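Working notes, beginning with the structure itself.
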Ligand SMILES: [Mg+2]
């Protein structure tokens, strides 16, 4: 099953917005899109990651199947689970994707936190990506430092043997300042994606502007997902 594992350089870098934008684009291209969040913490409102992913994919299956394990405390998933006297189900982290296989042409998985953040007591997010055999989309927030953070994440992913098919800089808030001011947030974001692309040698770099529906430039996510294994 083709798929993408959307991960980040850190928590709160705009992963859900990026995963939802990828899902929306694939739906618009006529694909049946599965969306899966193996575990979530800090879940207290209806505007959860799972809900956003589910809406973006056109409400396939049920929102509970998008995220079978959700915990309230804004902590790492294992600690959030413990705060409720529970534990993260390690087997379910992996098996929870199975209902999506029959129902989808491609599945978009959003990790929890960053690439090396814990998903369960034994698994980091990168362990899940490897076990699900999915190539990575690395998301970073479009602010000063994006080049260094993104290159570190790409290098770390490559050390583990996982292919990185794209990096996306996510505008997690409206970026102020004039584009012709080199120190403005808007200019830093634009320059960062150009500089990052030059240093990544063939890995496409996209940007998702705040509240935008689509990632620019438009990337062929289905082809990236299906050819990643051959290029790894
Ligand atoms: Mg998220």
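Modelled spin labels at residue 160 and residue 102, positioned 7 Å past Cα toward Cβ, are 3.0 nm from each other. Descending by average beta-carbon neighbour count within 10 Å, the peptides 207-218, 185-196 line up as 185-196, 207-218, the highest first.
What FRET efficiency, computed as 1/(1 + (r/R0)^6) with R0 = 22 Å and r the Cβ-Cβ distance, is obtained for residue 11 and residue 122, rounded to the nearest 0.05? So, using R0 = 22 Å, E works out to roughly 0.65. Please say if the stretch 34-100 is rounded, prolate or oblate, where rounded means a/c under 1.5 for a ≥ b ≥ c the square roots of the C-alpha gyration tensor eigenvalues, and otherwise the choice is prolate for a/b larger than b/c and oblate otherwise? It comes out oblate by the Cα gyration axes. Going from the residue with the fewest nearby Cβ atoms within 10 Å to the one with the most, 35, 165, 137, 13 rank 165, 13, 137, 35.
For the peptides 72-85, 98-111, the ranking by mean Cβ contacts within 10 Å, running from highest to lowest, is 98-111, 72-85. Between residue 64 and residue 211, the contour length at 0.36 nm per residue exceeds the Cα-Cα span by 50.4 nm. Each of the peptides 146-158, 169-181 was scored by the mean count of other Cβ atoms within 10 Å over its residues; in descending order, highest first, they stand as 146-158, 169-181. A Förster radius of 22 Å, combined with the Cβ-Cβ distance separating residue 44 from residue 92, puts the computed FRET efficiency at roughly 0.55. Multiplying the residue separation of residue 178 and residue 223 by 0.36 nm and subtracting their alpha-carbon distance yields 12.6 nm.
Between residue 28 and residue 83, the C-beta separation translates, for a Förster distance of 30 Å, into a calculated FRET efficiency of about 0.15.
Normalised by the number of residues in the stretch 3-231, the average gap of Cα pairs under 8 Å and 6 or more apart makes the relative contact order 24 percent. Considering all different alpha carbon pairs of the chain, the Kirkwood hydrodynamic radius works out to 17.6 Å.
Laboratory data are not the source of any read-out in this text; all were calculated from the coordinates shown. Computed from a predicted structure; not experimentally measured. Glycine gets a Cβ as well: all are built from the backbone with ideal geometry, and neighbour counts include every protein chain shown.
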